[in-house]
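Colleague: Below is one structure. I have some questions about it.
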Amino acid sequence: MSRSHEPRIAVVPGSYDPVTNGHLDIIKRAAGLFDEVVVAVVNQSVRKSSALFSTEERVGFIQDALAEAGVDNVRVEPFFELVVTFARRVGAQAIVKGLRQISDFEYEMEMGHLNREQAPDIESVFVMASPRYAYLSSSWVKELARFDGRIEGLVPAPVAEQLAERLTRQRAAS
């Protein structure tokens, strides 16, 4: 049986805390390359601090932004396991990661090799960040927002509103 008849499915994993327009750009571009894209929102990242937004909030932000953009071959799901385990569970042949700079490449290359050891049948696909988002990260967005910097155009408007509200509550509580 030819694989050409099987849908090409990719997973785009991340913490998305919060989702940025750079993340959305990579997701939309992946949606143009694959029949189906599953955005995998990790419950708790091992290498990052605790999330500002719950998994459900992050999933909702991404779903809303993709619906507004009219992207219909993407679904968003939380995951709580190795990304290759999740990829197999959803029938994916590829894991798509965005690369902004050389440090991303080094980290993602290591992860790609580890994933290949675990699941040689799942390819790692790297998509270069669009130049307008090459500097953008969730961490920088949170830092800007924490000190009342402008984040319009960096994240979807509903995310910017919720981020400002969340950080205002945190400042008032401390």
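Colleague: At 7 Å along Cα-to-Cβ for each site, give me the label-to-label distance between E68 and R166 in nm.
Modeller: Distance between label points: 1.6 nm.
Colleague: Using helices alone, I'd like the mean residue ellipticity at 222 nm for the chain: each DSSP H run of four-plus residues gives -39500 (n - 2.57), total over residue count, nearest 500.
Modeller: -14000 deg cm²/dmol
Colleague: Also: For the stretch 20-106, run through the trypsin sites (Lys or Arg not before Pro) and keep only the ones in DSSP coil with at most 12 other Cβ atoms within 10 Å of their Cβ.
Modeller: In loop regions of the stretch 20-106 (DSSP not H, G, I, E or B), the sparsely surrounded trypsin sites (Lys or Arg not before Pro) are R47, K48.
Colleague: Just round it to a whole percent: the fraction of Cα-Cα distances in the stretch 52-91 exceeding 13 Å.
Modeller: 59
Colleague: Rg and Dmax of the stretch 62-137, Cα atoms, in Å?
Modeller: Cα only, the stretch 62-137: 14.0, 38 Å (Rg, Dmax).
Colleague: Out of the trypsin sites (Lys or Arg not before Pro) in the stretch 133-174, which ones are loop residues according to DSSP with at most 13 other C-beta atoms within 10 Å?
Modeller: Hits after loop and neighbour filter: R150.
Colleague: A further question follows. Using bins 10 angstrom wide from zero, how does P(r) for the stretch 3-133 break down, in % of all Cα pairs?
Modeller: Here the calculated profile for the stretch 3-133 is 12, 45, 37, 5, 0.
Colleague: If I histogram all Cα-Cα distances within the stretch 89-174 using bins 10 Å wide from 0, what percent of pairs lands in each bin?
Modeller: The percentages, shortest bin first, are 15, 32, 26, 22, 5.
Values in this text are rule-based calculations from the coordinates and carry no lab data. These numbers were taken from a predicted model, which means no experiment stands behind them. Heads up, the Cβs are rebuilt from the backbone with ideal geometry, glycines too, and the neighbour counts pull from every protein chain shown.
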